[in-house]
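J.: I have a structure here, written as C-alpha cells, and I will follow up with some questions on it.
The values are calculated or read from the model by the stated rules, or taken from the named source; none is laboratory data. Please read these numbers as outputs of a predicted model, since none were measured by experiment. Please note: Cβ atoms are built from the backbone with ideal geometry, for glycine as well, and neighbour counts cover all protein chains shown. We work out accessible area using only protein heavy atoms, side chains counted, and drop any ligands, DNA or RNA first. Shrake-Rupley method; radii C 1.70, N 1.55, O 1.52, S 1.80 Å.
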Amino acid sequence: MDFVLTKSQIEIQKAARNFAKGEFAKELSLELEKKHEFPTKTWKKAAELGFIGIYFDEKYSGQGLGILENVIVAEELCSKDSTIGSALILAGLASESLLRFACEELKQQFLPLIAEGKMLSADAFTELDHGHDMTVMNTTAVRDRGDWIVNGTKTFVGNGCQAGFYTVLCQTDPDANPSYKGISMILIEADRNGITATNAGENLGIRMMSTANVRFKDVRIPLTHLIGEEGKGFDQLQAIFHESRILIAAQALGMAQGAFDRALAYVKQREQFGKKITEFQITRHKLADMAIKIELARLITYKAAWSFDAGDISSKLFSMAKMYATQAAVEVADEAIQLLGGYGYMVEYEVERFYRDAKMTEILEGTQTIQKNTIAAALLGQIK
Ligand SMILES: Cc1cc2nc3c(=O)[nH]c(=O)nc-3n(C[C@H](O)[C@H](O)[C@H](O)COP(=O)(O)OP(=O)(O)OC[C@H]3O[C@@H](n4cnc5c(N)ncnc54)[C@H](O)[C@@H]3O)c2cc1C
C-alpha cells in the first residue's frame, strides 16, 4: 500500500496552492461575498491555467487527469478561501452529467466552454416538492415532432442566474411504474425562450454563487438534447452522485484545513493570563482533535477518488467520504471560531465564513441522513 502522491500530483498541488496564494485575497473575498458577486476574473484565470475541468479529456479542453487530481485542486483552493474556492470548483456543476452520459455532439459543444471558463453550468434537479425524493418530477418534457416541450420549475439551482445551460430532470413518461423509470435528463440552454431564473433567496454560505428558482414555460428543445437514455435520468443521477459526493468531500476537506490553519496561526500568538493560550492543555487538545479529523477526512476522500479513478465504484465509500469530510469541516470550523474567541465571530478573521460555507457541504448532494441511508443500504446488500 502506497500513501504517496505521484510527482505530477504533487506538482498540481503546488500549482493550485500557488495560484490560490497569488489570486485569492481576503479583501477581494470579503467584498465579493458582501456583494454576492461571482469571482469571474479569478474563475477565468483558473480556467486558463487548466484548473477547471482538469479531469475532462483533452479533446474537451481538459487535462485528461482523474478525479483525484480534481480533489487535490479543490482541497487547495477551498483551504485558501472557502467561498472563492467553492465558486470555482462548482463552476462546472453540470459537467458530470455531460461527461458520463451525453452524446459526443453535446460533449463537444459544451464541455470546452466549461473548461475554458467561458460558460457556467447548472444542475436543475431539485423541485419545491422534490428535494431528496427524486423518484418523481413535476417538471415535464413532452415530445412534439422533433422537439421536447418542457414545463416546470426547479429550485435551489446553483449558478442558476448565470449558467449558460442547465441539465434538467424531467418526467418524460408520466405513466411509468415505478415513476422514476419515466424520468429523463435534458440539456437546456439558458437563452431559450420561456426560461426565467430568479434568485431563490439569501444563503447562509457560498454567497458568491447564485441559488435560483428556474422556471421553464413551454420551452422548446431539440430531442437530441436528451442526455443519456430516455427513462434513465434517475439512474444517471445516482451515478452522478458518486463523483459529486467525492468533490463535495474535497471541498469540505479544504475548508477544514483552511479553518484549522487560521486557528493555529491565531492561538500561537494569542496571550491570556500572562501566557500563550497554546500553553493551556485544552487548546492543545482541541488542535489535536481538529488535526485528527482533517487527516481522516483526507484519507477517506483521497481513497474515494482513487477508487473512482480505478473504476471501483462504491456508493458506500463515496457516501462515507462525503459524510465524514463534511461533518469534519463543520466541526473543525466551529472549533476554530471557539479558539479565536470573540475574533472568531468577526468576518475579518474569516473562520466564521469557513463555518458558513462548510455547512453547505453537509446539505448539497444529500444530507448526512441520506448518506447514512446509502451506507446502510450498501451494508445490507441492497446496493453496491
Ligand atoms: C446552497 C445550495 C445549493 C444547491 N444547489 C443545487 C443545485 O445546483 N441543483 C439542485 O438540483 N439542487 C441544489 N440544491 C438542493 C439540495 O441538493 C437540496 O436542498 C437537498 O437535496 C435537500 O432537499 P430539501 O431541501 O428539499 O430537503 P428534504 O428532502 O425535504 O429533506 C428535509 C429533511 O428530511 C430529511 N430526509 C429526507 N428524506 C429522508 C429519508 N428518506 N430518510 C431520512 N431523512 C430524510 C433530510 O435529511 C432533511 O434533514 C442546493 C441546495 C443548497 C442549500
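J.: If a paramagnetic tag sat 7 Å from the Cα of LYS181 along the Cα-Cβ line, which residues of segment 212-254 would have the backbone N under 18 Å from that point?
T.: In segment 212-254, the label zone of LYS181 (backbone N under 18 Å from the point 7 Å along Cα→Cβ) covers 229-238.
J.: Averaging over every viewing direction, what projected area does the convex hull of the Cα atoms of segment 194-237 cover, in nm²?
T.: Working: hull surface 19.2 nm².
Reported value for the Cα convex hull: 4.8 nm².
J.: While we're on this one: Order TYR343, TYR60, TYR324, TYR302, most accessible first, counting only protein heavy atoms with a 1.4 angstrom probe.
T.: Values: TYR343 100, TYR60 10, TYR324 70, TYR302 40 Å².
Highest to lowest solvent-accessible surface, that is TYR343, TYR324, TYR302, TYR60.
J.: Please report, for the Cα atoms of segment 254-355, the Rg to one decimal and the Dmax as a whole number; what are they, in angstrom?
T.: In Å, with Rg to one decimal and Dmax whole: 15.9, 56.
J.: I would also like to ask the following. Which log10 I(q)/I(0) values, to two decimals, does the chain give at q = 0.13 Å⁻¹ under the Debye formula with one point per Cα?
T.: Those come out to -1.05, one per q.
J.: Quick one: which of 35-48, 106-119 comes out on top by average Cβ neighbours within 10 Å, and what's the full order, highest first? Show your work: numbers first, answer last.
T.: On the way: 35-48: 17.1, 106-119: 19.9.
For the peptides 35-48, 106-119, the packing ranking is 106-119, 35-48.
J.: For the chain, what does the helix formula give at 222 nm: sum of -39500 (n - 2.57) over DSSP H segments with n ≥ 4, over the residue count, nearest 500 deg cm²/dmol? Before the final figure, lay out each step's value.
T.: Working: 12 runs with 192 residues, N = 384.
Per the formula, -16500 deg cm²/dmol.
J.: I would also like to ask the following. At 1.4 Å probe radius, can you tell me the per residue accessible area of the chain in Å²? Could you put the intermediate results ahead of the total?
T.: On the way: 17280 Å² over 384 residues.
Spelled out: the 1.4 Å probe surface of the chain, per residue, equals 45 Å².
J.: Checking the cross-link filter: which aspartates and glutamates have an alpha carbon closer than 12 Å to that of LYS232, excluding same-chain neighbours under 8 positions apart?
T.: The qualifying aspartates and glutamates are ASP173.
J.: Which is farthest toward the positive dipole end of the chain among MET320, VAL351, ALA265, measuring Cα position about the Cα centre, with Cβ charges +1 (Lys, Arg) and -1 (Asp, Glu)?
T.: The one lying farthest along the dipole's positive direction is ALA265.
J.: Then there is this: With charges set only on the Cβ (+1 for Lys and Arg, -1 for Asp and Glu), what does the dipole of the chain come to about its Cα centre, in debye to the nearest 20?
T.: Details: 43 positive and 50 negative charges, 153 e Å.
Magnitude of the dipole: close to 740 debye.
J.: Tilt of helix 26-35 relative to the longest C-alpha principal axis of the chain, in degrees (0 to 90, nearest 10)?
T.: The angle comes out near 40 degrees.
J.: Please give the helix 233-269 orientation as an angle from the longest Cα principal axis of the chain, in degrees from 0 to 90, rounded to the nearest 10.
T.: 20 degrees
J.: Considering the chain as a Gaussian network with a 10 Å cut-off on Cα pairs, which listed residue, ARG245, ARG220, ARG192, attains the greatest mean-square fluctuation?
T.: ARG192
J.: Check the straight Cα-Cα distances from LYS118 and name the aspartates and glutamates below 12 Å, setting aside those fewer than 8 residues away within the same chain.
T.: Cα-Cα hits under 12 Å: GLU48.
J.: Where nothing but the Cβ of Lys and Arg (+1) and of Asp and Glu (-1) is charged, how large is the charge dipole of segment 1-59 around its Cα centre, in debye to the nearest 20?
T.: 160 debye
J.: What is the gain in length, in nm to one decimal, between ALA377 and LYS14 on full extension, counting 0.36 nm per residue of separation less the C-alpha to C-alpha distance?
T.: On the way: separation 363, 0.36 × 363 = 130.68 nm, distance 3.87 nm.
Full extension of this stretch gives 126.8 nm more.
J.: Quick one: which of LYS34/LYS293; LYS14/LYS45; LYS34/LYS80; LYS7/LYS316; LYS303/LYS359 span more than 25 angstrom between C-alpha atoms? All intermediate terms of the calculation are to be shown ahead of the outcome.
T.: Working: LYS34/LYS293 30 Å; LYS14/LYS45 16 Å; LYS34/LYS80 18 Å; LYS7/LYS316 30 Å; LYS303/LYS359 23 Å.
Too far apart for the 25 Å limit: LYS34/LYS293; LYS7/LYS316.
J.: Using a Förster radius of 25 Å, what is the FRET efficiency between ARG145 and THR198 based on their Cβ-Cβ separation? Nearest 0.05, please. Working shown, then result.
T.: On the way: r = 31 Å, r/R0 = 1.22.
Working from the Cβ atoms, E equals 0.25.
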